[in-house]
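*Asks:* For reference, the structure I am asking about is given below.
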Amino acid sequence: MPRSFHNKILRVNLTKGTIQVEEPGVTYMRKYMGGWNIIADVLLREVPPKVDPLGPQNKLIFAPGVLTGLAVSGAARNAVGAKSPLTGGFGAGEVGAFWGTEFKRAGFDALIVEGVSPKPVYLWIKDGEVEIRDATHLWGKTTKETWLALQEELGDKRVRASMIGPGGENLVRYACVMNGLKDAAGRTGLGAVMGSKRLKAVVSRGTLPFDGEDPDTIREMARELARGVAAGEKAAGMHKHGTGAALPDAVLQGNLPIRNFRDGEFPGAYDISAEVFLDRIGVGMEGCFACAVRCKKVVSAETPYKLDPDYGG
């Protein structure tokens, strides 16, 4: 089996409390690889068109990209998908940070969550081992409160959580799935699907080897990519302003998704641009796993939130 993937898809049925590990084979993994491809395949094959998005027949899929887990700039991405409670159609969001890397290094390529738990639970995934744990004490907590409680409970500051807050618990149809405190799979209401299954969090910690089929070549290509990113004009703009740098161009194109694209721009858009945030309250920068761009701007403001707005997700 190629070392570019594990050939292991984790399937958890919360109604039955069962955990299965499926091995779809090299042909499947080479065809779908990861991310949105696996999500689309599972939804098309396993979720009937008329299923209630917030009902037990809907399925919630977590699928890192094929390069996630490797030290490659821009590759620390994780897709989340389900039938959307917001649109009734295909729902998927994408998010960075560190959760996908920990999940991949814990020994899995994707996670399929089925059914509805009779009580709030979270999944604890570490180095090939999986547990369904009680999360009654976490239900009702914000993502920050949940994150701190999980670190203390598991005794490890390096665990990573993909989780929901009260919005997802209360089935708000545009609720996000949060990777840690600062990164959101923000599209199509997937936090509500997670809440409908009474799944508070998926917590991952991985130390298993995952270095690709040709580690030396991958490392050299990753270094070359990082050098190119550091020297590139576009990457420099992303580093300085983050994804919010896309806002002015989107305004000029009339391409902002205002009121579900009824409008493409709005007065005052430039007042919330990345440049304005950077000039007024920017103090530093952060990045996702192994990424040379480091496009997340840290801000100083009289609020609990310390990162500038992301455009995307």
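The values are calculated or read from the model by the stated rules, or taken from the named source; none is laboratory data. Here the structure is a predicted model, which is why all the values come from computation and not from measurement. Counting neighbours? That spans all protein chains shown, and the Cβs are built from the backbone with ideal geometry, glycine included.
*Asks:* Only one of 25, 35, 55 is touching a residue at least 24 places away in the same chain (Cβ under 8 Å) and either over 30 Å from residue 259 (Cα atoms) or in contact with a Gly (Cβ under 7 Å, 6 or more places away or on another chain) (or both); which?
*Replies:* Of the residues listed, the single one that is touching a residue at least 24 places away in the same chain (Cβ under 8 Å) and either over 30 Å from residue 259 (Cα atoms) or in contact with a Gly (Cβ under 7 Å, 6 or more places away or on another chain) (or both) is 35.
*Asks:* Take the stretch 157-177 and flag every residue that is surrounded by fewer than 15 Cβ atoms within 10 Å (Cβ to Cβ) and either in contact with a Leu (Cβ under 9 Å, 6 or more places away or on another chain) or polar (S, T, N, Q) (or both).
*Replies:* Result: 170, single match.
*Asks:* Restricted to the stretch 136-189, and to residues that are touching a residue at least 60 places away in the same chain (Cβ under 8 Å) and among the small types (Gly, Ala, Ser), which residue is nearest to residue 90 (Cα to Cα)?
*Replies:* Restricting to residues being touching a residue at least 60 places away in the same chain (Cβ under 8 Å) and among the small types (Gly, Ala, Ser), the top hit is 189.
*Asks:* Something else now. Please verify whether the stretch 133-148 includes one or more residues that are of a type outside the set (Ser, Thr, Tyr), within 18 Å of the chain's Cα centre (by Cα) and closer than 27 Å to residue 208 by Cβ.
*Replies:* yes
*Asks:* Mind checking which helices (runs of 4 or more DSSP H) fall wholly inside the stretch 218-313 and carry at least 1 residues that are modelled with pLDDT under 75 and closer than 29 Å to residue 67 by Cβ?
*Replies:* So the answer is 233-241.
A quick yes/no check of all residues on (1) surrounded by fewer than 15 Cβ atoms within 10 Å (Cβ to Cβ); (2) without any contact (Cβ under 8 Å) to a residue 60 or more places away in the chain; (3) aliphatic (A, V, I, L, M); (4) farther than 28 Å from residue 283 by Cβ:
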{"residue": "192", "(1), (2), (3), (4)": "no, no, yes, yes"}
{"residue": "210", "(1), (2), (3), (4)": "no, no, no, yes"}
{"residue": "219", "(1), (2), (3), (4)": "no, no, no, yes"}
{"residue": "229", "(1), (2), (3), (4)": "no, no, yes, no"}
{"residue": "236", "(1), (2), (3), (4)": "yes, yes, yes, no"}
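*Asks:* Filter the stretch 2-44 for residues that are among the aliphatic types (A, V, I, L, M) and part of a loop (DSSP other than H, G, I, E, B); which is nearest to the chain's Cα centre (by Cα)?
*Replies:* 33
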